[in-house]
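Rule-based calculations on the coordinates, nothing more; no lab input. Note that this is a predicted model, so its numbers are computed, not measured. Neighbour counts run over all protein chains shown; Cβ positions are idealised from the backbone, glycine included.
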Amino acid sequence: MRKPIIAGNWKMNKTAAECRALVTELLPKVKGAKCDVVVCVPFTDIALAAELTKGSNIAVGAQNIAWADSGAFTGEISAAMLVEAGASYVIIGHSERRQYFGETDKSVNARLLQALKTGLKPIVCVGELLAEREGGLTEKVCRTQVVGAFEGVSAEQAAGVVIAYEPVWAIGTGKTATDEQANETIGYIRSVVKELYGEKVANGMRIQYGGSMNAKNVAGLMAQPEIDGGLIGGASLKAEDFSIIVAAAK
Ligand code: PGA
């Protein structure tokens with residue numbers, strides 16, 4: 001049995017004051033959750049979110065991590081900084097980073113290795129563009145991204161990684177993949193993990209769906225056998241919506 005994991009991806013939203021308000025509202029609402037609950041917040045909110053959620057069932061994550069320990073990497077934030085600030089999860093390779101900030105499978109791999117080295121729990125994002133889905137390339141793209149991301153990662157390390165399947169055309173568009181589409185591609189991703197690491201790791205790995213997941217469509221998605229949770233963007237910015245999603249994951 002895989003324990004579902006619901007992670008909010010706040011993206012570049014919520015100042016510290018807004019973070020305080022949202023987390024404070026969220027805490028009592030998700031208290032009885034049957035799944036793992038994570039909020040991936042902007043760097044400037046990590047320490048505050050960690051302090052506010054101390055001793056609760058909400059874990060705090062970052063949205064990116066540097067691939068080096070320290071040094072001349074202007075604008076980057078190291079794994080050690082994230083850990084000390086109170087993060088326990090980190091999103092790696094989100095499609096917005098790939099699209100707007102030049103993230104590649106190679107840099108995703110380097111960041112993943114860095115996260116694993118420091119004990120941060122990675123959420124690795126993969127997913128196809130609309131043209132790739134329409135061109136029948138979904139599986140090929142997901143395979144390339146998964147194989148690229150996990151290069152040099154041992155089976156033992158891989159077992160602790162969460163993958164988020166996020167079809168790029170479904171992110172922030174209101175267009176969700178159908179329950180069956182999401183289930184099918186996640187099943188395929190699991191088969192790639194099986195090729196790389198064997199059945200035990202593949203069966204134990206948690207693979208989320210992400211892309212316009214919300215309070216209305218969560219039940220259908222979560223009813224699919226391959227889907228182990230969600231990476232939630234827009235709907236994670238409202239405590240009410242996010243807590244409905246959390247409650248649906250059991
Ligand atoms: P969305 O974003 O839920 O707003 O589509 C999901 C994501 O980008 O992680």
Need the C-alpha centroid separation for the stretch 10-37 versus the stretch 158-191, integer Å. 24
Under the Debye formula (equal points on every Cα, no solvent term), log10 I(q)/I(0) of the stretch 144-192 at q = 0.23 Å⁻¹: -0.93
For a quick size check, give me the Cα extents of the stretch 102-170 along its three principal axes, largest first, whole Å. 38, 24, 19
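Ignoring everything except DSSP H segments at least 4 long, calculate the 222 nm mean residue ellipticity for the chain; use -39,500 (n - 2.57) per segment, divide by total residues, nearest 500. Walk me through the intermediate numbers first.
Values: 12 runs with 113 residues, N = 250.
Using -39500 (n - 2.57) per qualifying helix, the result is -13000 deg cm²/dmol.
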Pop out the Kirkwood hydrodynamic radius of the stretch 172-221 from its pairwise C-alpha distances, inverse of mean 1/r, in Å to one decimal. 11.9
Ranked list, fewest to most other Cβ atoms within 10 Å of each Cβ, for Val162, Val153, Val147, Val246: Val147, Val153, Val162, Val246
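Which of the chymotrypsin sites (Phe, Trp or Tyr not before Pro) across the stretch 74-131 are loop residues per DSSP, with 11 or fewer other Cβ within 10 Å? Before the final figure, lay out each step's value.
Working: sites: Tyr89, Tyr100, Phe101; in loops: Phe101.
Within the stretch 74-131, the qualifying chymotrypsin sites (Phe, Trp or Tyr not before Pro) (loop, at most 11 other Cβ atoms within 10 Å) are Phe101.
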Which of Trp169, Val60, Phe73, positive extreme of dipole for the chain (C-beta unit charges): Val60
Can you give the convex hull volume of the alpha carbon atoms of the chain per residue, in Å³? 114
Using 10 Å bins from zero, what percent of all Cα-Cα pairs in the stretch 1-143 falls into each bin? 11, 38, 33, 16, 2
State to the nearest 20 debye the size of the charge dipole of the chain about its Cα centre, where the only charges are +1 on K and R beta carbons and -1 on D and E beta carbons. 480
Bin by bin, in steps of 10 Å, what percent of the Cα pairs in the stretch 1-74 do you find, going until the bin that has the longest distance? 18, 47, 25, 9, 1
Starting from the alpha-carbon convex hull of the stretch 93-209, give the projected area averaged over all orientations, in nm². 6.9
Would you order Tyr188, Tyr197 from fewest to most other beta-carbon atoms within 10 Å of each residue's own beta-carbon? Tyr188, Tyr197
Pair Lys200, Glu139: separation of 7 Å Cα→Cβ label points (nm): 2.8
